[in-house]
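Here the structure is laid out as structure tokens; the discussion comes afterwards.
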Amino acid sequence: MEIPDGWAASADGKAIERGFAFADFSAAFGFLARVAIHAEKVDHHPEFTSRWNKVDFRLTSHDSGGATSRDVALAKAIDRLAEG
């Protein structure tokens, strides 16, 4: 599995992770809302943490025991949503 640019394997090797920073809380929250809408459409939901202007993701497929091609596809979609 090829990890998209900007993402990294987690310390336990079971996920891919990336953090994003925005200008303020509203921008971060808007981004997270766009990710949530996409995640519902594809029925694959990320683990995330959010604090003021930062959002961190951990993508893994629990039923497969680690990151899969679905996580890579979601990572790429998250990257596109972060751009605009």
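The values are calculated or read from the model by the stated rules, or taken from the named source; none is laboratory data. Not measured: the values here are computed from a predicted model. Note: ideal-geometry Cβ built from the backbone for every residue, glycine included; neighbour counts use all protein chains shown. Accessible surface is based on the protein model in full, side chains and every heavy atom, while ligands, DNA and RNA are left aside. Shrake-Rupley method; radii C 1.70, N 1.55, O 1.52, S 1.80 Å.
With a cut-off of 13 Å between beta carbons, the residues surrounding residue 64 carry a summed charge of 0, where Lys and Arg count +1 and Asp and Glu -1.
Of the residues 20, 25, the one with the largest accessible area comes first in the ranking 25, 20, computed with a 1.4 Å probe on protein heavy atoms. Ranking 73, 28, 16 by Cα position along the charge dipole of the chain, where only Lys, Arg, Asp and Glu carry charges on their C-beta atoms, puts 28 farthest toward the positive end. Of the solvent-accessible surface of the chain, computed with a 1.4 Å probe and all protein chains present, 53% belongs to carbon and sulfur. Rolling a 1.4 Å probe over the protein chains gives residue 64 an accessible area of about 80 Å².
Per residue, the accessible area of the chain comes to 61 Å² when a 1.4 Å probe rolls over the protein heavy atoms. Dividing the Cα radius of gyration of segment 1-55 by 2.2 N^0.38 Å, with N the residue count, gives 1.23.
The distance between label points at residue 80 and residue 40 comes to 1.9 nm (points 7 Å beyond Cα on the Cα→Cβ vector). The magnitude of the dipole of the chain, with charges of +1 and -1 set on the Cβ of Lys/Arg and Asp/Glu and taken from the Cα centre, is near 140 debye.
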